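Let me begin by presenting the structure, written as structure tokens, before commenting on it.
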Amino acid sequence: MSIDSQQAKNIAKVLSEALPYIRRFQGKTLVIKYGGNAMTDEALKKGFARDIVLMKLVGMNPVVVHGGGPQIGNMLKQIGKESTFVDGMRVTDNETMDVVQMVLGGLVNKEIVTLINTQGGKAVGLTGKDAQMITARKMTFTRQSAEMAAPEIIDIGHVGDVAAIDPTIVQTLVQDNFIPVIAPIGVGEDGQSYNINADVVAGKLAITLKAEKLILLTNTTGVLDKEGKLMTGLRAQQVDTLIADGVIYGGMLPKVRCALDAVRSGVKHAQIIDGRVEHAVLLEVLTDEGVGTLIMG
């Protein structure tokens, strides 16, 4: 199939625009949190895998952390177990934790690894339990109301937060030219397994690896202002103001706080991008305009 001169010029423009970014990020670590529609739409899945392989081929070091909430929910339905949530967190008893490990560490993780390898990459799947990479601590919630003499402590089971990360295994894989693909499951000092929010794991891992960039894929265009317009570039102090004013709220809050924590802890940039856009990761990394909302320290 031949292309006309205008198409050729457009392709040449894109390639020349990418060159300074390839130079800038060569040898740098980029942590990408993969989730949402990008994990369920077949074209988006293939596009994401190709993006990751291309990044590696031009000298970048992508590290993928993935979620899998909908897949966990579907599997629980299949076995007749109802999902219960407290403040957006899935209550995870022993049986549910078994399903989480099977779905995240098995089905989802291995599918992503296969997608990347099929596109010519060398991906290796891990969970945070491998080589004791992620040490977790149990998460609990408290509720207080006027009728209560003391706050109510709510136990949501095997849901955890990141206590510490040992990056040795990830660094070894990266140095050996592999692409790590990490399921957000950690292990506590008590030996128990814990399900951890993938955004949190990606953010903490980016800090530990001293990553150049943290990229969080979402099902929205990015951070929106009061009029619903995309805000493309924000300083950390501006983000604090937007949170205080209630402009950033709901499901976007944990992602934004994760990005803030990263940039305030040494990660140069954090980007919240729309995973529903095909090749969103490449558009963000290799073009002048980028996509989504860039957060800087």
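The values are calculated or read from the model by the stated rules, or taken from the named source; none is laboratory data. The structure displayed is predicted, hence computed values, not measured ones. When we count neighbours, we look across all protein chains shown, and the Cβ atoms used for this are built from the backbone with ideal geometry, even at glycine. Heads up: the accessible areas ignore ligands, DNA and RNA and are worked out on the full protein's heavy atoms, side chains in. Shrake-Rupley method; radii C 1.70, N 1.55, O 1.52, S 1.80 Å.
Picking from THR232, ALA136, ALA18, whose Cα lies most toward the positive end of the charge dipole for the chain (charges on Cβ: Lys, Arg +1; Asp, Glu -1)?
Farthest towards the positive end: ALA18.
Would you please give the residues with an amide H less than 5 Å from that of MET60, counting only those at least 5 places away or on a separate chain, with H modeled from the backbone geometry?
Distant-sequence amide H within range of MET60: GLY27.
Taking all protein chains together and a probe of 1.4 Å, list TYR249, TYR34 from the most accessible to the least accessible.
Values: TYR249 160, TYR34 5 Å².
Per-residue accessible area, sorted high to low, gives TYR249, TYR34.
With the full set of protein chains in place, find how many percent of the accessible area of the range 1-113 is carbon and sulfur; take the probe as 1.4 Å. Kindly include the intermediate steps, with their values, before the conclusion.
On the way: 3240 of 5900 Å².
Carbon and sulfur atoms account for 55 percent of the accessible area of the range 1-113.
Of the DSSP beta bridges with both residues in the chain, give the percent that are antiparallel, rounding to the nearest 5.
Numbers: 19 of 50 bridges.
The antiparallel fraction comes to roughly 40 percent.
Can you give the FRET efficiency to the nearest 0.05 for ASP155 and HIS279, using r as the Cβ-Cβ distance and R₀ = 41 Å? Intermediate results must be reported in sequence, preceding the final value.
Working: r = 43 Å, r/R0 = 1.04.
Here the calculated transfer efficiency is 0.45.
Along its principal axes, what span do the Cα atoms of the range 123-266 show, with the longest given first and each in whole Å?
Rounded to whole Å, the extents work out to 48, 44, 25 Å.
Along the charge dipole of the chain, pointing to its positive end and built from +1/-1 on Cβ of Lys, Arg, Asp and Glu, which listed residue (LEU30, THR40, GLY68) has its Cα farthest out?
Of the candidates, LEU30 comes out farthest on the positive side.
Averaged per residue, what accessible surface does the range 16-138 expose to a 1.4 Å probe, in Å²?
Details: 5640 Å² over 123 residues.
Per residue, the range 16-138 has 46 Å² of solvent-accessible surface.
Return the carbon/sulfur percentage of the accessible area of the range 258-297, one whole number, probe 1.4 Å, all protein chains in place. Please report the intermediate quantities before stating the final value.
Working: 750 of 1480 Å².
Result for the range 258-297: 50 percent of the exposed heavy-atom area is carbon or sulfur.
Enter the angle in degrees (range 0 to 90, nearest 10) between the Cα long axis of helix 5-25 and the first principal axis of the Cα atoms of the chain, meaning the one along which they spread out most.
Roughly 50 degrees between the two axes.
Would you calculate, for the chain, the mean residue ellipticity at 222 nm contributed by helices, counting each DSSP H stretch of 4 or more residues as -39,500 (n - 2.57) and dividing by all residues, to the nearest 500? Walk me through the numbers before you get to the answer.
Details: 10 runs with 111 residues, N = 297.
That comes out to -11500 deg cm²/dmol.
Using alpha-carbon pairs under 8 Å, 6+ residues apart, how would you state the relative contact order of the chain in percent? Don't jump to the answer; show the numbers that get you there.
Details: 570 pairs, mean separation 64.8, N = 297.
Once normalised by length, the contact order is 22 percent.
How many nm separate the modelled label positions at THR140 and GLN175, each set 7 Å beyond the Cα in the direction of the Cβ?
4.1 nm
Averaged per residue, what accessible surface does the range 187-297 expose to a 1.4 Å probe, in Å²? Could you put the intermediate results ahead of the total?
Values: 4920 Å² over 111 residues.
Per-residue accessible area for the range 187-297 comes out at 44 Å².
Going 7 Å from the Cα of GLN78 toward and past its Cβ, which residues in the range 96-138 have a backbone nitrogen under 11 Å from where you end up?
103, 107-108
What share of the DSSP beta bridges in the range 98-227 is antiparallel, in percent to the nearest 5?
Values: 12 of 21 bridges.
The antiparallel fraction comes to roughly 55 percent.
Go through 266-273, 151-158 and give me the packing order, highest mean Cβ count within 10 Å leading.
Values: 266-273: 22.5, 151-158: 15.2.
Highest to lowest by the protection proxy: 266-273, 151-158.
How big, in percent, is the set of alpha carbon pairs in the chain lying more than 31 Å apart?
Summing the P(r) of the chain above 31 Å gives 30 percent of all pairs.
Within the set LYS122/LYS210; LYS56/LYS77; LYS138/LYS226; LYS129/LYS268, which residue pairs have Cα atoms separated by over 31 Å? Walk me through the numbers before you get to the answer.
Values: LYS122/LYS210 22 Å; LYS56/LYS77 37 Å; LYS138/LYS226 36 Å; LYS129/LYS268 28 Å.
Long pairs (Cα-Cα over 31 Å): LYS56/LYS77; LYS138/LYS226.
Could you work out which residue, out of ILE243, ILE79, ILE52, moves most in a Gaussian network model of the chain, that is, has the largest mean-square fluctuation with Cα springs under 10 Å?
Maximum among the listed residues: ILE79.
If packing is taken as the average count of other Cβ atoms within 10 Å, what order do 12-25, 64-77, 212-225 fall into, highest mean first? Please list the in-between numbers first.
Working: 12-25: 13.0, 64-77: 19.4, 212-225: 21.8.
Ranking the peptides 12-25, 64-77, 212-225 by packing returns 212-225, 64-77, 12-25.
How high is the FRET efficiency from LYS28 to ASN117, r the C-beta distance, R0 30 Å, rounded to 0.05? Let's see the in-between values first.
On the way: r = 23 Å, r/R0 = 0.76.
The formula returns an efficiency of 0.85 here.
Using a cut-off of under 12 Å, list every residue of the range 71-86 whose amide N is near the label point 7 Å from the Cα of THR40 along the Cα-to-beta-carbon line.
71-75
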